[in-house]
1. By its C-alpha gyration tensor, with a ≥ b ≥ c as the square roots of the eigenvalues, how is chain B shaped: rounded for a/c under 1.5, else prolate for a/b larger than b/c, else oblate?
2. Determine the percent antiparallel among the DSSP beta bridges restricted to the protein assembly as shown, to the nearest 5.
3. Please sort B:224-235, A:276-287 by packing, taking for each peptide the average over its residues of neighbouring beta carbons within 10 angstrom, highest first.
4. Between A:Val501 and A:Arg334, what is 0.36 nm times their sequence separation minus the Cα-Cα distance? Round to one decimal in nm.
5. Based on the Cα gyration tensor of segment A:125-235, what are the three equivalent ellipsoid semi-axes, each the root of five times an eigenvalue, rounded to whole Å and given largest first?
6. Ordered by packing density, taken as the mean number of other Cβ atoms within 10 Å over each peptide's residues, highest first, how do B:71-79, B:31-39, A:301-309 rank?
7. What value does segment A:4-247 have for Rg/Rh, both radii from Cα atoms and Rh as Kirkwood defines it?
8. Going by alpha carbons, how many degrees (0 to 90, nearest 10) lie between the helix axis of B:244-266 and the longest principal axis of chain B?
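Rule-based calculations on the coordinates, nothing more; no lab input. Source: prediction; values computed, not measured. Here the Cβ positions follow ideal geometry from the backbone for every residue, glycine too, while neighbour counts run over all protein chains shown.
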Amino acid sequence: MSEPSQVEAARVPLVEVVGMTKRFGALLALNGVSVRLEPGSFHAILGENGAGKSTLVKCIMGYYRPDAGRLLLDGVQHDIYNPRQALAHGLGLVYQHFTLVPNMTAAENLVLGQTHASPTIDWANERARIESFQRNMPFHVDLDARVTSLAAGEKQKLEILKQLYLGHRVMILDEPTSVLTPSEADQVLGMLRDLTKAGRLSVVLITHKFREVRAFAEDVTVLRGGRLVGAGKVAELNDADLAGLMFGRETVFASADRTATKPGKAALEVRSVTTLNDKAMTACDALSLTVREGEILGVAGVAGNGQRELVEVLAGQRGIEAGEVRVAGVHYDRSRKQMRRYGVHLLTEEPLQNSCVRGMSVAENLSFRNFDDGANVQLGCFVRRSVLRRHARTLIQRYDIRTPTPDARLDTLSGGNVQRTVLARELSGTVSVLIAQNPCVGLDFSATSEIHSQIITARNRGAAILLFSEDLDELLELADRIVVMSEGHIVYETPRAAADVETIGLYMAGHRSEREDLWASNA
Amino acid sequence: MSVGGDIGVWSVLLAIVGSALRVSTPYLFVSLGETLTEKSGRINLGLEGTLMMGAMSGYAVALGTGSPWLGVLGAGVTGAAFGLLHAGLCSLPRVNDIAVGIALFIFGTGFAVYLGKPLVHPVAPRLPDIDLGFWSSLPSLRAALQVNALLIIGILLAPAMLWILHNTRWGLKLRTVGDSADAARALGYSINGVRATATAIGGFFAGVGGAFLSLYYPGAWTENLSSGQGLMAVTLVIFARWNPINCVFAALLFGGASALGPALQAVGITSNYYLYGAAPYVLTLVLLIRTSSTKHRLFGAPSELSINK
């Protein structure tokens, strides 16, 4: 299976999952789910968080041992007990997070996992083999580039190339587009669809984005609460059907009402801020932006263009090399005292890592902003735990945080509930400035629309909101004004009314205003 | 400056080069071993203990068999066993490699001293010299260039290791495990298996480094044979940026620093002897401060290292 000719010749099998069931203690995570994947088809599995999508994939790939159910390849039953066996059967999984080795080159990553008799690597030979393999592929990557230097879209392509190079003919993609720009996502999914149409591949796409299902998939299977609740041809189902299946009710996607406020004074000003990234390279280069009261400023951009570093600067986690941050017209030193005085709040991405202590209880995590406030402290240094717990109970109820008790460790909660916990903590106080970074990544529809309406409500109350998002649809829905960040600069700005996805996408991809005309003439 | 002063400077330099070549060997072996272990994503801080166990068991085997080279082999095997012990403990859930390393550091040192009590007086056969200065008529130069085969083996081992890391499947597998456990799992590699192998080989090298101490230079078994070489070699790996070739230069540099005090003493400068003796430790501190930054992560560090997360 190492020879490219054999790789090319490998046939795409018919995959059938029959009655897959998986139980975790009392929880029935997967309840008799069956899926049939015809050779060369593009099959979407749609479902909310916790619907059992990932459990199904992990049972197929041998990460979990299912309690019942069979996997048939071309009608022959296979027991798969570990991922290695799944790989040997030509089943490949592209994860949400990249599984490329960061400090290795693209070529080294492609050679990894090849089963060869020889213990040494003949690089000249390997390169020739990879290059001839790449010639038959619709996309290419620079073989000598280190993975750390590749953009997210390039990494995703390399990940897919790797699976194909390993001879995998059934590819399962778990939320693959969460780290890509819309155009990158379309490109990658489009290429996969071309490969399925050519009969070289079957694709299973795990997603909760209707748009992707509609644009690329032929078949769809909908899971809810571990059960298969619907399946069929995408062409025969409309969005309302899919939503109904997913949520078990006709859900209305109404975004919160945006009141027509006139933006007030400048609340948050970033003035020519320069900051460095973890490799001591410039991440933000004399960057300036202003958010006014009652306004949502959306920052679009591909991950890795300085957004994370800028958020860390605003959060007080990263040093400023030059420039200044001002809040409410005064110098903002990012101390706890100032955060409290000016009501600066933060919704960071990956809250469990960035703004919570996973080993502390839900109640403790909810009190990070106010446990040392006057009313919560007695005799100058003792925290009133009972007051904090009561406060936590109120928030748990109001924000619908599903936790067994306020004293449960935070890391025992699901991702959506951790997010709600942070949301409750950050939005329950007086919010004058809110900095939000990809607040809905990995959340299902209902949690997402809930967070969106909370953000809009805060705006309507007059808060200044700086929203970083890699999801352009989210920005178009929420922001009053959109700027594009690329290579540490703001390269484009537009009011929402005039926003055009294509133009924004171009600037996200690194086009600068002076190059715009050039690009237009080439196009 | 008088002519006599010139000779003094030259003989100090020669003495430093000579003892740098001698003293650096254990640094070199321990750091090469630790580089391999750390490339797999684990830190073994217990190599000081492994070094002592290697020195003791190497001396004992050489004494028993009469062959110093069998002693070196015995020291390596003991070191590998210690490496496996570290790897075995670390493969248990929620066990921290640094804590295990410190425990093995203390255990190995104490155990070696305990088992080595009867070895203090007998004299084991010494590893032979190689006379690299045979072409010269200057006795001081000839003395400086008298080296041991282990040094040459160590220097050849460095490029071999670099080649293995980049041109063999096992090398790629090792780097994968050290750089991304997720990727390793996705490829179906056994993370604990790879790390156990790397730690055992690292232990083997550290054991050989110990045999050098007891069988060549200083060349006897004593309770305070090692003065932290095993621990400093771990620092040296960071300074060498996990590159085996750099380990050679770093080991020679540290060896030279350790040789400063004795070399000055040899030409009659005895004042501040202990201050010069501190040179390698001061160098360790200075290098760590110089090469670290609050602004960026260490370049080349395996991403899975617990100090790097």
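1. Numbers: a/c = 1.88, a/b = 1.45, b/c = 1.30.
It is prolate, given that a/c is not under 1.5 and a/b is the larger ratio.
2. Of the beta bridges lying entirely in the protein assembly as shown, close to 55 percent run antiparallel.
3. B:224-235, A:276-287
4. Length difference between fully extended and current span is 56.7 nm.
5. Equivalent-ellipsoid dimensions as semi-axes: 28, 16, 12 Å.
6. With the highest mean Cβ count within 10 Å placed first, the list reads B:31-39, B:71-79, A:301-309.
7. Details: Rg = 17.9 Å, Rh = 18.5 Å.
Over the Cα atoms of segment A:4-247, Rg/Rh equals 0.97.
8. Roughly 30 degrees between the two axes.
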